[in-house]
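None of the figures in this text is laboratory data; all of them are computed from the coordinates on show. Quick caveat, the model's predicted, so the values are computed rather than measured. Glycine also receives a Cβ, built like all others from the backbone with ideal geometry; neighbour counts cover every protein chain displayed.
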Amino acid sequence: MPIEGLVTGRTIVPAELVVQPGTGLLDLQPGRVTELVGDPGSGLTRLGLRLLAPHSRLAPVVALDTRGWISPEAAWETGVEPDRLVVVRCDRSAMWAKVAAALLEGVRAMYAEVPAGVEDHDLRRLAALARARRVAVVMRPMSGGLPGGIAHLRLRAIGVTWEGADRGHGRLTRRRLVLEASGKGAAGTTMRFEVEDEGTDAVRLVSDVVVDQARRAVG
Amino acid sequence: MWSLTRPDAPSDEPVLVVDDRVTAASEDVLEAGVTLGMPRREAEALAPFALVLRRDPGEEARLFDPVATEVEALVPRVEVVSPGLMLVPVEGAVRFYGSEEAVAGKIGARLDELGITTPHQIGIADGPFAARWAAAEAEPGHPLIVTDTTRFLSGLDLGALRESMGGTEMIDTFRWLGVETLGDLARLPRETLASRFGVPGVTAHRLASGEDRAVDPREIPLELAVEMSFEDPLESLDAVEFAARNLADELLRRLRPLGVAPHTVTITVTAADGQTRERVWRSADPFTERALSDRVWWQLRAWVESRGIPGGIVMLRILPADLSGEGRQLGLFTDESSIVEAERALARAQAILGPDQVLQARAQGGRMPGERVVWSRWGEPETPMERDRVAPWPGATPKPSPALVPSRPHPIDIEWDEGMPSRVRLGSRWEPVLTWSGPWRLSGRWWAGEEDADRYQLVTSVGAFLCVVSGDRAYLAGVYD
């Protein structure tokens, strides 16, 4: 019997939703917190630094580094202005919230690694401060995720694949990162899409944006 | 005016002291064609035999402070422009000592009594700009007293404007138009310069004509002074630096809503034994956050290191003067108000964490990702590069660069199968290596006892890593996160 259609529970939405300059999911919005969730190696540090690039053309931007490992070279490759990137190192979770609050008082955009042990109420205060000061913030929890109600948009790394290396030959040239977006910034839905970059240019969308339809609703 | 060099410079070697440009040089280096103010690279090419030292303004301020103190004992209210250059208001002193020659002679004699071996130059003229260049033109030990300031300035080369104009772009344009001296410039109609170059053009014309910047007649409300008191006297340099930078930041924060910035500040400290010390600093341009906090810090460091504050600091005050509305002119294409706010936030973060935790980086040459970055403390002079950026660096690890680079070699376990990487241990679990690139040879400096090593890019299902293998040990050099 021929199949006329298949209900998958998913729809495809326009790609502009992700990559539209200024309003897309991959553009930081003033006063909003974007959360990046994923293991080290999943490609989120480079993505987080890349999100700072447009803001660095106007004023200094900050990377709040809890391990002392963030490489400015990667940030420069993604388009962050070299003179405008300041790296603030803070490995003490007790001091972290105080330092982050001081920075939010003045900078326009910040990528912040969040160490384990930061209190939920401190994170909520910081999100409120970011809203009040209209600072675009990317938070990357070092373990687990942020408590609910803080992030406007949550980007979770589902998988990363690298091209170029072949059993001793070649070199890493390009990576593809599968991301899942959720939260208010994703219109309350869960979207999945794949982006690609070669390290020296902007991130490109290389897949359809697939939205999970709501299974349950309260009306 | 007094030429300073690095105090630790060897006296028997040719020496070049630089920031971006040459700030001091020994005789043999000057004979090779190097001039003060010459770009660093040009000077290094002319005098490759010279030992190149980085300028240290904090140390210069410490050395210069006794000079300022001695001169202030003769003539009150001296204004330090930068370490090595101070302005002395001589009107009152001339009435007291009888003539300008007598004042200059007294100052020169006092400096000789101090036992300063570096030759000092003294110039007297109408206004700070003319006096500064009179000092520069004076023979060491023979003060130059200018009676006709306009005529004196007219013979100066246009380059004299470089410090006051903050760059050479406009000066280069003037030269291109055939204007070579300040006199040539002063003869041009001011309104023509105003229409072609705007405010900077008028400022240049005013200086060239001997009309120095008028002091803003606005009164300084006393509440604009900022002050900090300390129950436990500040003795350590770190604590003094935090206080200096915070207070400088606080002063400009208060001035900001008024739309002004100071050209002159008076820094006052009270020591634990009740002694008070005071020094005035002046700047041709209105002080920015960074410029002011540097000067306050240099001055406090000079006092603390010369044991001039017995028992530590119990009170610190900065009083602004000569306020100017030019200080907060916002740019059209860059968001300067955001830059100012960000600088304040970074200064606060620096006060909380310490100066070593707020950093900026510059690119330099190197083969490994960690080598290709040179870090400097934010707000302080840049750390000199260790490796030439423009050299070819064959065998450098290719782009894209790892986003995470450990500051120290981080041991990692790799399992090998017939010379090929098969598994890598990440935390407590082993991950199969899906593919890899390398090995790329990294030759060690054998004369320094360094071993050769191989680099690999390892790709696993959870990400890619840059590893260095040397002998039977492996290290994580970067994470492609």
Aspartates and glutamates whose Cα lies under 18 Å from that of A:K184, excluding same-chain neighbours fewer than 8 positions away: A:E16, A:D27, A:E35, A:D212
Residue order, fewest to most surrounding Cβ atoms within 10 angstrom, among B:K399, A:K184: A:K184, B:K399
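What ranking do B:S422, A:S42 get, fewest neighbouring Cβ atoms within 10 angstrom at the top?
Fewest-to-most Cβ neighbours within 10 Å comes out as B:S422, A:S42.
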Distance between segment B:377-410 and segment A:179-199 - C-alpha centres, whole angstrom: 32 Å
Trypsin sites (Lys or Arg not before Pro) within segment A:38-82: DSSP coil, no more than 15 neighbouring Cβ in 10 Å: A:R57, A:R67
Cut-off 14 Å between beta-carbons: net charge of the residues surrounding B:L111, Lys and Arg +1, Asp and Glu -1: -3
Euclidean distance of C-alpha centroids, segment B:143-191 and segment B:78-122, integer Å: 26 Å
Shape call, segment B:143-187: gyration tensor on alpha carbons, a/c limit 1.5: oblate
Label-point separation in nm, B:E139 to A:D120, each point 7 Å along Cα→Cβ: 8.2 nm
Total formal charge among the other residues, if their Cβ is under 13 angstrom from that of B:I414, Lys/Arg +1 and Asp/Glu -1: -2
Restricting segment B:39-94 to trypsin sites (Lys or Arg not before Pro) in coil, as DSSP defines it, with at most 16 other Cβ within 10 Å: B:R77
Cα gyration tensor shape of segment A:97-219, rounded if a/c is under 1.5, else prolate or oblate by comparing a/b with b/c: oblate
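For segment B:388-481, which trypsin sites (Lys or Arg not before Pro) are both in a DSSP coil and crowded by at most 12 other Cβ atoms within 10 Å?
B:R445
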Rotationally averaged projected area of the protein assembly as shown (alpha carbon convex hull; nm²): 41.7 nm²
For segment B:424-442 and segment A:133-152, distance of Cα centres in Å: 32 Å
Three-way shape call for segment B:60-167 based on the alpha-carbon gyration tensor, with the a/c threshold at 1.5: oblate
For chain B: Kirkwood Rh in Å [reciprocal of mean 1/r, alpha carbons]: 26.3 Å
Length-normalised contact order for segment B:10-114 - Cα pairs under 8 Å, 6+ apart - percent: 19 percent
Over chain B, relative contact order from alpha-carbon pairs under 8 Å, at least 6 apart, %: 9 percent
Per-residue Cβ neighbour rank within 10 angstrom, fewest leading, A:H169, B:H410: A:H169, B:H410
Neighbourhood charge, 13 Å Cβ-Cβ cut-off, centred on B:M385 and excluding it, Lys, Arg +1 and Asp, Glu -1: +1
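Take every Cα pair under 8 Å in segment A:98-219 that's 6+ residues apart, average their separations, divide by the length, and report that relative contact order as a whole percent.
For segment A:98-219, the relative contact order is 16 percent.
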Interchain or long-range residues, amide H under 5 Å from B:A464's placed H: B:Y480
Segment B:105-158: Rg to Rh, with Rh as the Kirkwood radius over Cα pairs: 1.03
